[in-house]
Amino acid sequence: MESWRKGWAIWAVLGVSGCVAATARGPAPTQGVSAEAIAAVEEEAAPPPVQATPQAEHLIQAEVGHSAVADQAVLAHLPAGDAQWQALCGRGHDDVVSERLCKSRGVRSLAELQAALGIGFVSKIGNGDFGNPAFAFLSHSTSLTGRSVSPINPRVFVFTDPSTRGPIAGPPKPTEDFVALGFARGEPLVELVARDRTTNELRFFLVRFELGCEREQGGCSSWDLFGPSVEGGWVGLSVYDDADLENTVFDCNVCHQPNGPSTRKLLRMSQQRFPWTHFFRDKDQGKELVDEYFLAHDKREAYGGVPGQLVSWSEPARLEGLVEHEGFIEQPGELPTKALVQRIVAGKPLAGEPTYAAFFAAAQAGRGVTMPFPDARFVEKERYKLASATYRKTLAGTLDVEAFPSIAELHSDEARWRTGRRPAPDADGKGIVVQMCARCHNGSLDPSLSRARFDATALDTMDEAELALAIERMKLPSGSPLKMPPERFGELTEEEIAKAEAALLVQ
Ligand code: HEC
Ligand code: HEC
């Protein structure tokens, strides 16, 4: 058993609570990005180098210095800046995000955005207290930005403190004018949600901020996107509501309105209950995640606008409180967090946990939402450790920022197929199509959307032209914003595309 797994089993035996001493950690391995990076990391790393898997090496090399993912080009087709501002603010939306952002055109940093939305940090201490908003850090996500989320590049939620933490007792007490913000570094995007007072519906927003490096020749480096500077120095801002984004890769409704048009929009939390598997906390595995975060990051470094010294104050129970008070106790797919820990104690494979297995099977069959990985550890270890050590060195100024690799997609192979980023290893051609396409192409879409023309759950009803188009879209080169599945959400090898093509051709 590996050492981290041992450490976790120990606290799990202790009942998933109480204090547990931090497990010992070895120095980072030394397989490398650039000669300089290797040399710098080797200074600290005594044990023999661990060979990164060929795939990990490939990923590191391929992504060094790359900027945003290709689908940012999709947003370039939408109106931007002033035109978008006028369009959005002219809609008369009766929600607090529209109201406040329409008065705040000059926002130039994440902290300013939070302040404008009334969820800015004002005190050096307090989560939801002393004037601070509530916040929680998540180390693994199946959301829009999930590809780049890991313990060293977490997704942070900053939100209006709910009336109580979860689990809530008694009837829900919603907070009028609540705002929730989601952010992970790696992309120039911030996600928001608020409730419209007139319709009582949730409204989701995507903020696309522009960085100075985008205008300069060569674009942004990975450090520009994953380092602290992504949170400030913005030179422009475009805000889209969920209606603007419908039928794009950024469509919020795919996951926040999973049952289709005219059904209720949802706040989501896939690790909603104690012990919240992937959330940072001051106890148990959540504390280990915080410790890992600080192997890469500095206590003086704000992340997601949250002051560095507050990161360990992350409280998923507050996000649970918000989600439950707003009326979303029932989730379309939720990790059975407690039962999973019991299986760690019993030494049983987590994927066999019956509730998880049922949700996972439904997701694979295109009938449910994508499930997070059942184990808190989902990263490809060598690559992750290297990313962590490299981050720390670069932050300390001992590595060239240009050598900093992209730290997106640190998922292990198994985590990739379990979270729908890849088909399962045993999938046949039809299985590949259902697993990789059905979540966005199914029978419950608004029929006026062009993507409703391709239904991965009813291939026998598709005409030849549509099937041919599906094949064509899968075969587009990597980097094309039209490639299917969109690279943000999934990838197929040439062999898998060939299998999927064969399955489509026999329809
Ligand atoms: C691929 C699925 C997916 C898409 C697409 C998606 N989200 Fe989410 N979102 C989630 C999940 C799952 C969560 C719960 C936290 C997590 O797992 O990251 C979440 C959480 C959130 C939250 C925190 C409040 C809450 O519901 O818990 C906000 C804000 C949010 N999303 C905004 C957006 C916006 C805005 C868009 C569209 C631009 C969007 N999301 C698109 C899956 C998605
Ligand atoms: C994350 C959501 C998502 C996934 C997953 C996805 N698509 Fe799409 N697809 C879209 C969106 C959004 C559009 C509409 C915009 C466009 O045409 O690019 C679209 C459009 C299409 C179209 C054009 C439909 C038409 O008639 O105009 C085809 C064909 C298609 N996708 C095939 C696929 C196939 C095949 C897969 C799986 C291998 C897949 N898609 C996976 C989101 C997705």
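The values are calculated or read from the model by the stated rules, or taken from the named source; none is laboratory data. This structure is a prediction, so every number in the text was calculated from the model and none was measured. Cβ coordinates were reconstructed from backbone atoms using ideal geometry, including for glycine residues, and neighbour counts include every protein chain displayed. Accessible surface is based on the protein model in full, side chains and every heavy atom, while ligands, DNA and RNA are left aside. Shrake-Rupley method; radii C 1.70, N 1.55, O 1.52, S 1.80 Å.
Things worth noting here:
- When the charge dipole of the chain is built from unit charges on Cβ atoms (+1 for Lys and Arg, -1 for Asp and Glu) and taken about the Cα centre, the candidate among Q342, A116, S139 whose Cα reaches farthest toward its positive end is Q342.
- As a rough guide to protection, the peptides 269-282, 415-428 ranked by mean Cβ packing within 10 Å, highest first, stand as 269-282, 415-428.
- Computed over the stretch 422-505, Kirkwood Rh from alpha-carbon pairs, angstrom: 12.8 Å
- Other-chain or far-sequence residues with amide H under 5 Å of Y303's (modelled H): G308
- Size descriptor for the stretch 72-291, Kirkwood hydrodynamic radius: 18.4 Å (Cα pairs only, one decimal).
- Quotient of Cα Rg and 2.2 N^0.38 Å for the chain, N being how many residues it contains: 0.94
- Under Stokes-Einstein, with the Kirkwood radius over Cα pairs as Rh, the value for the stretch 205-290 at 37 °C and 0.692 mPa s is 200 µm²/s.
- Using alpha carbons only: equivalent-ellipsoid semi-axes of the stretch 325-365, gyration tensor based, whole Å: 22, 15, 5
- Carbon/sulfur fraction of accessible area - the stretch 422-505, other protein chains in place, 1.4 Å, %: 54 percent
- Area projected by the alpha carbon convex hull of the stretch 127-243, averaged over all directions, nm²: 9.4 nm²
- Fraction of the pair-distance distribution of the stretch 355-447 above 22 Å, Cα-Cα pairs, percent: 45 percent
- Over the stretch 72-291, relative contact order from alpha-carbon pairs under 8 Å, at least 6 apart, %: 19 percent
- The packing ranking, built from the mean of other Cβ atoms within 10 Å per residue, places the peptides 176-189, 134-147 in the order 134-147, 176-189, highest first.
- For the stretch 199-310, the solvent-accessible area works out to 35 Å² per residue, with a probe of 1.4 Å and every protein chain left in place.
- Relative packing of peptides 248-257, 150-159 - highest average C-beta neighbours within 10 Å first: 150-159, 248-257
- Near V506, once Lys and Arg are set to +1 and Asp and Glu to -1 for all other residues with Cβ below 11 Å from its Cβ, the sum equals -1.
- Virtual spin-label span in nm between C102 and S163, 7 Å along Cα→Cβ: 2.9 nm
- For the stretch 301-417, radius of gyration divided by Kirkwood radius, i.e. Rg to Rh on alpha-carbons: 1.04
- Cleavage-rule hits, GluC sites (Glu not before Pro), the stretch 224-333, DSSP coil, Cβ neighbours within 10 Å at most 14: E330
- Where Rh is the Kirkwood radius over Cα pairs, Rg/Rh for the stretch 98-172: 1.02
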